[in-house]
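K.L.:
Pasting in a structure now, in structure tokens, and then I'll have a few things to ask.
The values are calculated or read from the model by the stated rules, or taken from the named source; none is laboratory data. For clarity, every value in this text was computed on a predicted model and none was experimentally measured.
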Amino acid sequence: MKFKELSKFWKRTIITLSALTVIFALIFGSLVGFLTNMHTENEVLRNTLKKPDSELIGQRLVIERKGKGDIYANVYIPKTASDEKLPVLFNAHGGGFFLGDADEMDSQCDYWANDWNVIVVSINYTFFTKGHPVLHRYKYPHFAHVSENGC
């Protein structure tokens, strides 16, 4: 059956669905472009937020994963810590999987460690534009590392 032979209802339906498909494709393409641009800008911002190790209050921890990218964290131990075991607080910086870096919470994590007498592990997670945003994939290696090696 040809398009000309269809009833008005089906012609309108096909035209409407075609128009909606084009609009959806344009919106989706714009969103992908926006997220890609945002990722590029955020990568530049993250590099400016990242402190050199010499300026970091805490200690940088690198957990190597075979076949996957390394995971980074900053560890803060209270100044009054003795040989006793201390609780561990895991911190994930804000940013909704788009923004931020563990280094920007350097002073805050040091404050928590000393004020609460805990060891703080501040996790640096991968952004949404580089993969699926699932924080537990990044927290688990930190838990395992701290459990096996201590702080």
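K.L.:
Take the residues in the stretch 42-94 that are basic (Lys, Arg) and within 20 Å of VAL118 (Cα to Cα); name whichever of them is modelled with the highest pLDDT.
P.N.:
Only one residue fits best here, namely LYS79.
K.L.:
When residues of the stretch 1-19 are filtered for being aliphatic (A, V, I, L, M) and in a loop (DSSP other than H, G, I, E, B), how many remain?
P.N.:
Total meeting the criteria: 2.
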